[in-house]
1. With 127, 87, 95 as the choices, which residue is outside any helix (DSSP H, G or I), closer than 21 Å to residue 4 by Cβ, modelled with pLDDT under 95 and over 11 Å from the mean Cα position of the chain (by Cα)?
2. Check whether at least one residue in the stretch 105-117 is closer than 14 Å to residue 14 by Cα, at pLDDT 95 or above and touching a strand residue (DSSP E or B) at 6+ places or on another chain (Cβ under 7 Å), and report yes or no.
3. If you go through the stretch 52-69, how many residues are farther than 18 Å from residue 106 by Cβ and touching a helix residue (DSSP H, G or I) at 6+ places or on another chain (Cβ under 9 Å)?
4. Show me the strands (runs of 3 or more DSSP E) found entirely inside the stretch 1-79 where at least 2 residues are within 20 Å of residue 143 (Cα to Cα).
5. Out of (1) out of contact with any strand residue (DSSP E or B) (no Cβ under 6 Å at 6 or more places or on another chain); (2) in contact (Cβ under 8 Å) with a residue 60 or more places away in the chain; (3) crowded, with 16+ Cβ neighbours inside 10 Å, the odd one out for residue 3 is which?
6. List the pairs whose first member sits in the stretch 23-46 and is touching a residue at least 40 places away in the same chain (Cβ under 8 Å), whose second member is assigned to a strand (DSSP E or B) and surrounded by fewer than 17 Cβ atoms within 10 Å (Cβ to Cβ), and whose Cβ atoms are under 6 Å apart, counting only residues at least 6 apart or on separate chains?
7. Regarding the stretch 119-132, can at least one residue be identified that is touching a helix residue (DSSP H, G or I) at 6+ places or on another chain (Cβ under 6 Å), in contact (Cβ under 8 Å) with a residue 60 or more places away in the chain and buried (at least 19 other Cβ atoms within 10 Å of the Cβ)?
8. Could you list, in sequence order, the residues of the stretch 14-29 that are surrounded by 19 or more Cβ atoms within 10 Å (Cβ to Cβ) and touching a strand residue (DSSP E or B) at 6+ places or on another chain (Cβ under 7 Å)?
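The values are calculated or read from the model by the stated rules, or taken from the named source; none is laboratory data. A quick note: this is a predicted structure, and the numbers were derived from the prediction, not measured. Cβ: placed from backbone, ideal geometry, glycine included. Neighbour counts: every protein chain shown.
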C-alpha cells in the first residue's frame, strides 16, 4: 500500500532534517516505541507497539536511513516482525522552506503479511498518516528544544 501526505511544522528545514537524518534523534521522535538500540549513523532498531483489533501488538523493527540530501530529503526503510507477521516500510520525506517553518511532503510504502494484514487493511492508511504526522511533530519539538 502506498500512502502520501503533507504537513507544515514551525521549525526550520535544516533543523527538521537534522532530526530526521540522525538515528538517535529520529528514534526519540517515533511514537510508542521502546527498546531502541542505535547501531551506527544509519541503523537502529526499536520495538513499536501499535494497537490492533487484538490490542497492543509489539513489532520488532530494524530501521535504516537509506538516502539523505542535506537539508532537503530523507529516505528511511524498515523491516520487522511480530510472531508470524512481517512488515516492510519505506518512507521518503521531501522538505521545503516555508515562511513559517517547513513543509514536509512524504510518501510511504508499507507491506504486511500475516494476520496483521487482515487486521489493519481498512485502517492502515490512516494509521500510517497519524504515525508520520506524529513523527514530524515530535521531530519539530526536538528541534525546538535543541535550540533552547
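1. Details: 127 fails: outside any helix (DSSP H, G or I); 95 fails: modelled with pLDDT under 95.
Only one candidate qualifies: 87.
2. Step one: list which residues in the stretch 105-117 are closer than 14 Å to residue 14 by Cα, which gives none.
Among the residues of the stretch 105-117, not one is closer than 14 Å to residue 14 by Cα, at pLDDT 95 or above and touching a strand residue (DSSP E or B) at 6+ places or on another chain (Cβ under 7 Å), which makes the answer no.
3. Selection size over the stretch 52-69: 5.
4. On the way: elements: 2-9, 33-38, 43-48, 59-69.
Counting at least 2 such residues, we get 2-9, 33-38, 59-69.
5. (1)
6. 23/38
7. First pass over the stretch 119-132, keeping only residues touching a helix residue (DSSP H, G or I) at 6+ places or on another chain (Cβ under 6 Å): none.
So far as the stretch 119-132 goes, no, none of its residues is touching a helix residue (DSSP H, G or I) at 6+ places or on another chain (Cβ under 6 Å), in contact (Cβ under 8 Å) with a residue 60 or more places away in the chain and buried (at least 19 other Cβ atoms within 10 Å of the Cβ).
8. Result: 16, 17, 20, 21, 23.
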